[in-house]
């Protein structure tokens, strides 16, 4: 089985386990979490972005030794048996663009950029939104204004430009 087939199976399985909730409620529930990891990301159908996140939680203290250097104790962040999963989908009819970046290479947004949210950010102003408006032929007057969504995890930052919010399903 190829990688795409495995990814599609995992994402479709996640989508069928629970019913979607209001996206604002989904964003609120995400903001209650300590952290996230990307479990799967891809297009189940052409131009339909699907993301499966798993909640990361601080674990019990354990020795922290890296490359032979003892740093004492630390509390690793990782999923456990009580972690929730969040299945996030951006519709092909609303998706304009997306990018996935290494979290450690990103820059924290600064003025004039403005956003709300902790893990699922919604930008009211961003450089990416300005860039997309300047370099695409998307007719906002016909299909509605573009919105910049950003999902922040331990290892990835996922930026999405779309004309509507995602569908969010919480999987317990």
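Its Kirkwood hydrodynamic radius, worked out from the mean inverse distance over all distinct Cα pairs, puts the stretch 3-171 at 17.3 Å.
Taking packing as the residue-averaged number of other Cβ atoms within 10 angstrom, the listed peptides 42-52, 91-101 run from highest to lowest as 42-52, 91-101. Normalising the average separation of contacting C-alpha pairs (under 8 angstrom, six or more residues apart) by the number of residues puts the relative contact order of the chain at 27 percent. Peptide packing for 27-33, 165-171 was compared via the average number of neighbouring C-beta atoms within 10 Å per residue; ordered from the highest value, the list is 165-171, 27-33. Straightening the chain between residue 125 and residue 172 buys 13.6 nm, computed as 0.36 nm per residue apart minus the Cα-Cα spacing.
In this label model, residue 21 and residue 60 are separated by 3.0 nm, measuring between points 7 Å along each Cα→Cβ vector. Neighbour counting of Cβ atoms within 10 Å sorts the residues 118, 107, 57, fewest neighbours leading, into 107, 118, 57. Compared with the direct C-alpha span, the chain from residue 114 to residue 133 gains 5.2 nm at full extension, assuming 0.36 nm per residue.
Taken together, the values in this text are just the output of simple stated rules run on the coordinates, not laboratory data. As the structure is a prediction and not an experimental result, all values here were calculated from the model. Here Cβ is always computed from backbone atoms with ideal geometry, including for glycine, and neighbour counts include all displayed protein chains.
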